[in-house]
Structures are given as C-alpha cells and as structure tokens.
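The values are calculated or read from the model by the stated rules, or taken from the named source; none is laboratory data. Not measured: the values here are computed from a predicted model. So basically every Cβ, Gly included, is an ideal-geometry build from the backbone, and we count neighbours across all protein chains shown. Areas reflect the complete protein model, heavy atoms only, side chains present, ligands, DNA and RNA absent. Shrake-Rupley method; radii C 1.70, N 1.55, O 1.52, S 1.80 Å.
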Amino acid sequence: MTETKNGVARVADPVRKLILQRRIRIIVAITITYNVIEAIIALAAGTVASSSALIGFGLDSIVEVLSAAAIAWQFAAPDPEKREKVALRVVAYSFFGLAAYVIVDAGLSLFGLREPEHSPVGIALAAVSLAIMPVLSWLERRTGRELGSASAVADSKQTLVCSYLSAALLGGLLLNSLLGWAWADSIAALVIAGFALKEGLEAWKGDTCAVPISALTGERTLDADTCC
C-alpha cells in the first residue's frame with residue numbers, strides 16, 4: 001500500500017518500508033565496495049599509464065563512495081531527512097574538487113607535457129563498470145521510488161552517471177590504444193570533468209535552493225509559488 005504526500009508516493013505498510021530500507025542499505029553497501037575496488041585499480045593503472053581519464057575515473061569512484069556513504073549515513077538516522085543537506089554539501093564540494101583536478105591534468109596532456117600510454121587494465125575496468133553500474137542504478141532507483149526517497153533516487157542517478165563515464169573512458173582508452181590518438185584520453189577526461197561539474201551543481205542546488213530535492217530528481221512537480 002502507498003500514500004501520497006506533497007505529490008510523492010510513499011509506502012504506507014511499515015513492514016514493506018523496512019524491507020525497502022534494508023534493500024537500499026544492501027545496494028549502497030555493494031556500490032561502496034565496488035567503487036572502492038574500482039578507485040584503487042583506476043588510480044593505480046592511471047598513474048602507470050599517465051592517463052588523465054583513468055585518474056579522473058578513479059577520483060570519480062571516490063566521490064561515488066562518498067555519495068553512497070552519505071546515503072548509508074542518512075538512512076542510519078531515525079529522521080533521515082535532517083541529514084540530507086549536509087550530505088549533499090559534502091558531495092558537491094567533492095565533485096568540484098574532482099572537476100578542477102581532472103581539467104588541469106587533462107590540460108597537461110593536451111599541451112604535450114605528458115602522453116598517455118596503452119592501458120589494458122583500464123580498458124577491462126571500464127568495460128566491467130559499464131556492465132555493472134546500470135544494474136545497480138536501476139535497482140536503487142526502483143527501490144527509492146517505491147520507498148518515496150528522493151535522496152536514494154538522486155544517488156541512483158549519480159550511479160548511472162558512472163556508467164556514462166565508463167563509456168567515455170572506454171572510448172578514449174580504445175582510441176588511444178588502437179589508433180594512437182593520445183588526445184582522445186584527454187577528451188574523455190574532460191567529459192568526466194563536465195559530468196562532475198554538472199553533478200556538483202545539482203547537489204549544491206539541492207542544498208541551498210528552496211526547490212525540494214524531490215523536485216530536482218523529478219519525483220514531484222514544483223508548486224507555482226516555489227522559487228530559488
């Protein structure tokens with residue numbers, strides 16, 4: 001059974017609600033574990049290959065861990081909504097820092113100060129992430145929508161962004177390896193930076209704007225008198 005509050009469907013059955021909350025925690029735990037492994041591999045492989053895209057991807061994985069950990073922290077509280085703004089602010093700053101680092105690092109490659117090398121490990125990692133991340137995103141979004149949790153839905157969209165970044169990374173690494181287009185690695189890195197800026201701004205707006213986070217994630221429509 002569900003009930004509607006402020007245009008958002010919420011679970012009325014307390015037993016079902018507990019099941020969904022437990023499922024969210026499990027999904028988040030899997031996401032955190034995978035992203036930690038992904039970050040370690042990407043950063044190590046990126047350092048060896050001097051790949052801006054791989055290093056940026058590894059840093060993005062760390063931000064994903066922060067985001068998932070924030071959701072876990074939020075749902076561990078009796079009143080999760082009270083912790084949402086703090087979590088969003090941390091995520092926003094993390095994304096801005098990631099974007100700044102990746103832009104500078106990609107610039108060094110574009111201006112010929114470093115040249116990325118072939119990275120079979122990076123290609124394999126990007127392919128695996130491209131297969132796993134959409135599944136985790138779909139599971140969290142489906143559960144979050146049934147639960148009526150805007151933050152869980154927002155986190156699921158962030159996980160989906162990781163799959164887009166995996167595709168960009170895979171394309172850049174393959175073009176560099178197969179065709180010798182070293183600049184493709186830097187372009188992929190800048191795509192990652194662009195996504196990071198977008199996600200950072202959305203997290204920031206979710207914190208400081210008067211628009212509810214549920215509106216930002218598409219779970220409800222804005223009232224006529226709601227503004228930023």
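With a probe of 1.4 Å, find how much accessible area segment 27-183 has per residue, and write the answer as a whole number in Å². Let's see the in-between values first.
Details: 6790 Å² over 157 residues.
Accessible surface, normalised per residue, equals 43 Å².
Applying 1/(1 + (r/R0)^6) with R0 = 25 Å to the Cβ-Cβ distance of A77 and I37, what FRET efficiency is obtained, to the nearest 0.05?
So, using R0 = 25 Å, E works out to roughly 0.35.
How would V153, V36 rank on accessible area, largest to smallest, probe 1.4 Å? Each step should come with its number before you reach the end.
Values: V153 0, V36 65 Å².
Largest to smallest exposure gives the sequence V36, V153.
Give the carbon-plus-sulfur fraction of the accessible surface of segment 107-188 in %, rounded to a whole number; probe 1.4 Å, heavy atoms of protein chains only.
Looking at segment 107-188 in its full context, I get 69 percent from C and S.
Just to verify a number: what accessible area does S119 come out at with the full protein assembly present, 1.4 Å probe, Å² rounded to tens?
About 10 Å², rounded to the nearest 10.
Among L66, A49, S129, which residue has its Cα furthest toward the positive end of the charge dipole of segment 9-142, with +1 on Lys/Arg Cβ and -1 on Asp/Glu Cβ?
So the residue furthest toward the plus end is L66.
Can you grab the distance from the C-alpha centre of segment 48-88 to the C-alpha centre of segment 93-157, Å, no decimals?
Using only Cα atoms to place each centre, the spacing works out to 11 Å.
Could you work out how far apart the two model spin labels at A131 and A44 are, taking each label as a point 7 Å from the Cα in the direction of the beta carbon, and quote it in nm?
Simple spin-label model gives 2.0 nm for this pair.
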